[in-house]
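The values are calculated or read from the model by the stated rules, or taken from the named source; none is laboratory data. A quick note: this is a predicted structure, and the numbers were derived from the prediction, not measured. In this analysis, Cβ positions are derived from the backbone assuming ideal geometry, glycine residues included, and neighbour counts consider all displayed protein chains. Side chains are part of the model used for accessible areas, which takes the heavy atoms of the whole protein and leaves out ligands, DNA and RNA. Shrake-Rupley method; radii C 1.70, N 1.55, O 1.52, S 1.80 Å.
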Amino acid sequence: MPVKLSGSCHCGAVKFTVDSSTAVPYQLCLCSICRKVGGVGGSINLGGHSETLKVQGKEYISVYKAVMNRGTPEEYVATSERNFCSKCSSMLWLYDETWPKLIHPFASAIDSPDLKVPDELTVIKLDSKPPYVRLPEGPKEVYNDYGEYSLEDWHKKHHEFVQ
């Protein structure tokens, strides 16, 4: 049975729950978007089943759609929607209509249960990391772009996927 994640923003205006089959926070993204919206250290997203999302305080949610390839002829607006609290700016989850059954809560927004510490961290988008950003300590796999496994595949490989 999936894990019920409960989360909130910093000021408490938004609270949410979502069921997750992929609740181990193993993958740190260092892309420019994750660093700028999630803080210098990047963001860790979990996976959730979008149809199970329940939200209190919807009126305080704002959405940011990232501009990709900014300032180039290839500039476009991403389909992914980063949902955050309009009062305190806490990042809550990412949703992309391309994969309507999925939602990706930010691990930093989860209040309970306590998330399992992975044996090894996967760090992605190293090609976006500025020199002043330090990688976390401990065992890790590092990728210049994306890693070899999706959230679901990684959880299945490590026997952490919950149906």
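For the list (1) assigned to a helix (DSSP H, G or I); (2) within 18 Å of the chain's Cα centre (by Cα), I need the number of the one condition that LYS156 fails.
(2)
Exactly one condition in (1) at positive phi; (2) touching a Pro at 6+ places or on another chain (Cβ under 9 Å) is not met by LYS125; state its number.
Result: LYS125 fails condition (2) only.
Would you check which residues across the range 141-151 are without any contact (Cβ under 8 Å) to a residue 40 or more places away in the chain, out of contact with any helix residue (DSSP H, G or I) (no Cβ under 8 Å at 6 or more places or on another chain) and outside any loop (DSSP other than H, G, I, E, B) and list them?
GLU141 - this is the single residue of the range 141-151 that is without any contact (Cβ under 8 Å) to a residue 40 or more places away in the chain, out of contact with any helix residue (DSSP H, G or I) (no Cβ under 8 Å at 6 or more places or on another chain) and outside any loop (DSSP other than H, G, I, E, B).
Within the range 142-163, can one find any residue that is touching a Gly at 6+ places or on another chain (Cβ under 9 Å), open to solvent by 30 Å² or more (accessible area, probe 1.4 Å) and farther than 24 Å from LYS4 by Cβ?
So far as the range 142-163 goes, no, none of its residues is touching a Gly at 6+ places or on another chain (Cβ under 9 Å), open to solvent by 30 Å² or more (accessible area, probe 1.4 Å) and farther than 24 Å from LYS4 by Cβ.
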